Amino acid sequence: MNIGHYTFAEFRRLAEKFHGFAAPGILLGGRMVTAAMAALPEGTLFEALVETRSCLPDAVQLLTPCSVGNGRLHLVNHGKMALSLFDKYSGRGVRCFVDPSRLGPWPEIRAWFMKEKSKEQQDGALLEQEIEKAGNSFITLVGMIVDNSFLGKKSSGPVALCPCCGESYPRGHGDKCLLCQGETPFVMLPR
Ligand SMILES: [Zn+2]
């Protein structure tokens, strides 16, 4: 069973190249993205909403035209191995998740998913074999409709020059940029 247009081995190599290594979360994620895409009507222009920052966003970026940079990949961090693909205009789509009740035949996937084993106890090769064999049997799909706030074109509005730092910023942020308002997790060193 392919992952997108790739064989399992091809996708594994892609994941290695893009993500640094073929993490189980990307391989499972590849299965999830494939299942969700197959459930959408042919030709749907879709966006993605991913509920974890780990691994799954990279599977979406490898297999769909949705990326963080083009604004079609949305991250809502529930810490859950779940993803939705939805029609960009109607907001209707499908949500799929790793379903614990379907993991019975796949003990190594279950152990990884539920963090039942330490990294040292995990059998990485067996885990990959299970993911390869499992196809999409561990996934449950349900219909969903995304919140209106995810639909339509979003503009960041007019631009202004910050009176403190001289850089440009979205005027809607206030009379100075967010960095100069102190809302940033870093400090700038003197030039
Ligand atoms: Zn500034």
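Brief remarks on what is shown
- Part-to-part distance (alpha-carbon centres) for the stretch 56-103 and the stretch 1-37, which is given in Å: 14 Å
- Looking at the stretch 69-176, the chymotrypsin sites (Phe, Trp or Tyr not before Pro) that sit in a DSSP loop and have at most 14 other Cβ atoms within 10 Å of their own Cβ are Tyr89.
- Taken one residue at a time, the phi angles of the stretch 167-177 give Karplus couplings (6.51, -1.76, 1.60, θ = phi - 60°) of 7, 7, 7, x, 4, x, 6, x, 7, 9, 6 Hz. Gly and Pro are set to x.
- Cα gyration tensor, the stretch 1-74 - rounded (a/c under 1.5), prolate or oblate: oblate
- Both radii come from the Cα set of the chain: Rg as radius of gyration, Rh as Kirkwood radius; their ratio Rg/Rh reads 1.07.
- His78 versus Asp147: modelled label distance in nm, points set 7 Å from Cα along the beta carbon direction: 1.2 nm
- Relative exposure of His19, His5, judged by other C-beta atoms within 10 Å (fewest first): His5, His19
- Remark: Ser101, Ser156, Ser84, Ser137 ranked as Ser101, Ser156, Ser137, Ser84, counting other beta-carbon atoms within 10 Å and listing the fewest first.
- Amide H partners (placed H, <5 Å) of Met144, local residues excluded: Gly93, Val94, Arg95
- The chain - mean residue ellipticity at 222 nm from DSSP helices (-39,500 (n - 2.57) per run, n ≥ 4, rounded to 500): -8500 deg cm²/dmol
- Cut-off 15 Å, label 7 Å out along Cα→Cβ of Ala9, residues of the stretch 126-141 by amide N: 129, 132-133
- Near Lys80, the amide H atoms lying under 5 Å from its own belong to Thr52; only residues 5 or more places off or on other chains count, and H is placed 1.01 Å from N.
- Neighbour-count ranking [beta-carbon atoms within 10 angstrom, fewest first] of Thr64, Thr140, Thr184: Thr184, Thr140, Thr64
- Estimated FRET transfer efficiency (Arg191, Arg171; beta-carbon r; R0 22 Å; 0.05): 0.30
- Span-rule helices in the chain, defined as complete DSSP H runs reaching 18 Å or more along the axis (Cα) with Kyte mean at least -1.0: 24-39
- Here the label points at Lys119 and Leu178, each 7 Å from Cα along the C-beta direction, are separated by 3.1 nm in the simple model.
Each reported figure results from applying straightforward, stated rules to the coordinates on display, with no laboratory input. Because the structure is a prediction, the values reported are computed rather than measured. Neighbour counts run over all protein chains shown; Cβ positions are idealised from the backbone, glycine included.
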